[in-house]
Amino acid sequence: MKSAFLSICLLALLPAGAQQSSALRVNGQRVHDHLKELSKFGANPEGGVSRIAYSEADLQGRQYAISLMKAAGLDVHIDTAGNIVGSRAGSDPTLRPLLIGSHTDSVPMGGNYDGDVGSLSAIEVAQTLKEKQIALRHPLEVIIFQNEEGGTVGSQALGEGLDEKHLNLVSNSGKTIREGTRIVGGDPNQLASARRQPGSLAGYFELHIEQGGTLQREKIDIGVVEGIVGILHSDVTIEGLANHAGTTPMDQRHDALLSAARFIEKVNKIVTGVPGRQVGTVGWIKVEPGAYNVIPGKVVLGLELRDLDGKKFVGLFDQIRAAAEDLGKINQTRFSFTDPVISHPALTDKGFQKLIDDTARSLGFSTKMMPSGAGHDAQEIARIGPVGMIFIPSIDGISHSPKEFSRPQEIENGANVLLQTVLAFDQGH
Ligand SMILES: [Zn+2]
């Protein structure tokens, strides 16, 4: 009784627009229907989609998204990088644009939620604003980035830009990025005009499925993403001596694969030996010469480390290298590492994290701060402006698979958090 009275008093203090907009909700059924419709383009027999960038299915999916954007009252164009941009004017022309969106391309044999949930929810936000005739102060841009799964191509074109090396890369479709960009309506010779200058955006919010199992396991409604982890890769070569497996006594072997086995175990020990959410993986291995009767003389394997803190995984890499040297001494094998290839972590904006967290809680949802172990378009946009990311649960943590699934209610929750975050941001900045 007392608290109801208090909230009535608080409501009375808010401007009329704020009262009205805080009660605004998306149409969950419509998001669900749109997801279902989009899933037809590139549908595979396993129940997912193979809508790889630049394929016929990708073009159809994009066309469908464009039709939804137009229905939501957005002014749609394809930028020179091939991204679909739907704009809505703001009431204050001095303000920088606020971006929301994601991607609609998929991995081969992908699912119906990765990228699609964020893209269609962003369009739903615009549709809801239009229906309820809510004017934002900021210009709003709903953006669907091209070829996210092939290396965040479209968002990178907005941020850091694409160079010749990128453009010449062959994508999953068999076409180069240059050819693909043209196919989706961009102009690879005019990429400069798609770039956005640092500081030119008010911000970017992206809703996405978690693609891991944490939220479901801990029964949390909404994940507030602290950042997208950085990744370190290094190829590790172990050289021993190939020799006869029948005649070489056990104490006289320089078995490269035995050292590799010890190394893999050691990577796991070092990565789990310090507190934190860092992960480390040996994901592939090649053994030479590779026969029953020959002691392996050479092994090459792939080491990957990920964390939100770039310094931390570089420190772990140094420890792993030192440990490898010791392991090699046991059976006189020699470890060498290629220079690590590092993609730096991209942190989300602290103020945006709080805004998403407060908004989600005000809608009655439980929240958790968490890193994103997967890459996203938001990591590219973070290089030119503040970004925020909203996660919803992925059932059983499965993604990049036809089995990928998020419940309609959870999608609706995420879309409402996106909507209310946009409104709260617009009123507060
Ligand atoms: Zn994605």
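The values are calculated or read from the model by the stated rules, or taken from the named source; none is laboratory data. Computed from a prediction, not measured in an experiment: that's the story for all the values here. Reconstructed Cβ throughout: ideal geometry from the backbone, glycine too, with neighbour counts over all protein chains shown. Note: areas computed on protein heavy atoms with side chains; ligands, DNA, RNA excluded. Shrake-Rupley method; radii C 1.70, N 1.55, O 1.52, S 1.80 Å.
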(1) surrounded by 24 or more Cβ atoms within 10 Å (Cβ to Cβ); (2) outside any loop (DSSP other than H, G, I, E, B) all hold for Lys130 apart from (1)
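Does Gln353 satisfy being open to solvent by 30 Å² or more (accessible area, probe 1.4 Å) and touching a Gly at 6+ places or on another chain (Cβ under 9 Å)?
No, not satisfied.
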Could you list all residues from region 243-256 that are open to solvent by 50 Å² or more (accessible area, probe 1.4 Å) and aliphatic (A, V, I, L, M)?
Met250
Can you find even one residue in region 393-408 that is buried (at least 22 other Cβ atoms within 10 Å of the Cβ), assigned to a loop (DSSP other than H, G, I, E, B), touching a residue at least 40 places away in the same chain (Cβ under 8 Å) and of a type outside the set (Ser, Thr, Tyr)?
yes
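Give the residues of region 18-40 that are closer than 18 Å to Ser121 by Cα and either at pLDDT below 95 or aromatic (Phe, Trp, Tyr) (or both), sorted by residue number.
Answer for region 18-40, where residues must be closer than 18 Å to Ser121 by Cα and either at pLDDT below 95 or aromatic (Phe, Trp, Tyr) (or both): Ser21, Ser22, Ala23.
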Sort through Val85, Val76, Val125, Val49 and tell me the only one that's open to solvent by 20 Å² or more (accessible area, probe 1.4 Å) and β-branched (Val, Ile, Thr).
Val76
Among the residues of region 358-370, is there at least one that is within 28 Å of Gln252 (Cα to Cα), outside any helix (DSSP H, G or I), open to solvent by 50 Å² or more (accessible area, probe 1.4 Å) and not polar (S, T, N, Q)?
no
Only residues that are open to solvent by 40 Å² or more (accessible area, probe 1.4 Å) and within 16 Å of the ligand (Cβ to nearest atom): list them for region 88-110, please.
Pro108, Met109
Identify, from the list Ser87, Ser106, the residue that is in contact with a strand residue (DSSP E or B) (Cβ under 6 Å, 6 or more places away or on another chain) and assigned to a loop (DSSP other than H, G, I, E, B).
Ser106
Condition set more than 28 Å from Gly227 (Cα to Cα) and in contact with a Phe, Trp or Tyr (Cβ under 8 Å, 6 or more places away or on another chain), scope region 257-290, selection surrounded by the most Cβ atoms within 10 Å (Cβ to Cβ): answer is Ser259
